[in-house]
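The values are calculated or read from the model by the stated rules, or taken from the named source; none is laboratory data. What you are looking at is a predicted structure, and each value in this text was computed from that prediction instead of being measured. Neighbour counts run over all protein chains shown; Cβ positions are idealised from the backbone, glycine included.
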Ligand code: NAD
């Protein structure tokens with residue numbers, strides 16, 4: 001029986017990397033029925049909105065989606081398709097494994113970090129007050145009245161909210177993940193020394209939840225210290241659990257540690273829905289050039305295969321991608337950043353090479 005999966009090509013480089021991932025997933029022999037759904041620029045042109053209702057309907061029905069990146073216009077217009085999807089479907093956990101494959105352009109070996117990012121609150125809640133508006137003035141008054149502090153009148157506000165409920169469920173998610181994947185330690189990341197009522201709450205909840213998981217080690221680290229320690233010796237970290245904003249930054253940092261955005265897969269998970277998508281965005285300047293690395297999208301497909309219980313196919317596909325990386329002959333430009341005039345191939349040729357290796361595996 002074919003798995004019914006919502007396929008969202010996205011925009012920018014999205015359609016190219018999604019097509020490459022679709023092709024290699026099909027080459028594993030697992031059957032898919034792709035339910036094509038447009039979001040982003042393409043949907044704007046077709047339906048007058050970047051996020052039509054039928055996208056939600058399709059994901060809710062299929063419970064699994066493979067999604068390419070979608071551009072977020074800066075400063076104006078639609079806030080963000082990605083944030084809207086995550087909030088509306090309550091995809092509260094963002095899972096981003098960052099692992100070094102031999103041959104990847106990384107300064108490090110043996111990095112294997114899993115970033116678990118809270119996806120629904122913190123500074124991304126979208127509750128903001130524009131400078132100079134009556135609402136901002138009311139907030140200024142409230143702050144002056146309740147704290148005695150004077151905030152500059154020409155300030156704009158973006159609210160950082162961290163709740164007990166969301167902290168509990170993301171920390172539990174991280175521990176459950178660690179247990180299910182034979183991981184040893186969960187590290188909570190915060191800035192509780194400064195933000196006592198938001199990050200402080202997150203840390204207090206993490207410490208409480210940790211008591212329920214005696215088989216997994218627990219510790220915590222301040223986010224700035226984490227950055228320094230990650231760059232010095234990333235191998236010391238296992239599973240990191242973070243509020244939304246730090247999760248965003250640290251998952252890109254970890255992507256950089258293992259060879260760049262072209263190698264960083266991900267998934268957004270709710271209670272019964274999962275949307276698989278790479279960490280990278282739509283890289284608009286490379287649109288339509290058959291240039292960028294599709295491996296992050298392919299590795300998101302590997303995560304999807306595991307989620308569907310297709311472990312053998314997932315192992316086979318991951319092994320094949322690792323082989324192509326190690327051989328270094330059919331890789332995109334980002335895999336040879338320090339080699340001027342290196343011979344590199346395009347997005348679709350990487351897919352061809354992976355498919356070729358999958359066929360060879362089948363015939364052995
Ligand atoms: P980006 O990740 O799109 O690209 C930054 C740079 O990283 C690119 O210029 C390119 O040099 C490199 N890069 C990214 N993906 C690559 C790949 N697959 N192979 C090789 N190199 C790659 O980040 P950005 O430029 O800050 O964002 C562009 C747009 O994407 C923005 O509108 C942003 O909001 C959006 N975005 C969407 C998502 C998503 O859909 N989940 C995630 C992040 C950013």
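Annotations
- The range 1-85 holds helices (runs of 4 or more DSSP H) entirely within its bounds, and those carrying 1 or more residues that are under 24 Å from residue 350 (Cβ atoms) and out of contact with any strand residue (DSSP E or B) (no Cβ under 7 Å at 6 or more places or on another chain) map to 14-27, 41-47.
- Condition met for residue 13 (more than 13 Å from the ligand (Cβ to nearest atom), within 18 Å of the chain's Cα centre (by Cα) and at pLDDT 95 or above): no
- Residues in the range 16-34 that are within 15 Å of the ligand (Cβ to nearest atom) and crowded, with 19+ Cβ neighbours inside 10 Å: 16, 17, 18, 20, 21, 24.
- For the range 202-235, residues that are touching a strand residue (DSSP E or B) at 6+ places or on another chain (Cβ under 8 Å), farther than 29 Å from residue 106 by Cβ and in contact (Cβ under 8 Å) with a residue 40 or more places away in the chain total 1.
- Some residue of the range 87-96 being closer than 20 Å to residue 255 by Cα and away from the ligand (no atom under 14 Å from the Cβ): yes
- Inter-residue pairs, beta-carbon under 7 Å, first without any contact (Cβ under 8 Å) to a residue 40 or more places away in the chain and closer than 20 Å to residue 275 by Cα and in the range 34-49, second away from the ligand (no atom under 16 Å from the Cβ) and in a helix (DSSP H, G or I), 6+ apart: 35/58; 35/62; 37/54; 37/58; 38/46
- Verdict on residue 173 being under 13 Å from residue 241 (Cβ atoms), modelled with pLDDT of 95 or more and touching a strand residue (DSSP E or B) at 6+ places or on another chain (Cβ under 6 Å): yes
- Taking first residues from the range 338-354 that are closer than 18 Å to residue 106 by Cβ and partners that are part of a helix (DSSP H, G or I), the Cβ contacts under 6 Å between residues at least 6 apart in sequence or on separate chains come to 344/333.
- All positions within the range 123-138 that are at pLDDT below 95 and in contact with a helix residue (DSSP H, G or I) (Cβ under 6 Å, 6 or more places away or on another chain): 123, 124
- In the range 292-310, the residues that are at positive phi form no Cβ pair under 7 Å with any partner that is near the ligand (Cβ under 8 Å from one of its atoms), whether six or more places apart or across chains.
- Matching entry among 102, 50 (being within 12 Å of the ligand (Cβ to nearest atom) and more than 30 Å from residue 165 (Cα to Cα)): 50
- Screening the range 216-299 for strands (runs of 3 or more DSSP E) wholly inside it with 1 or more residues that are farther than 29 Å from residue 196 by Cα, assigned by TED's automatic domain parsing to the domain that holds residue 65 and away from the ligand (no atom under 13 Å from the Cβ) returns the ranges 274-276.
- Residues in the range 53-81 that are under 13 Å from residue 8 (Cα atoms), free of Cβ contacts under 8 Å to residues at least 60 places away in the same chain and within 11 Å of the ligand (Cβ to nearest atom): 81 only.
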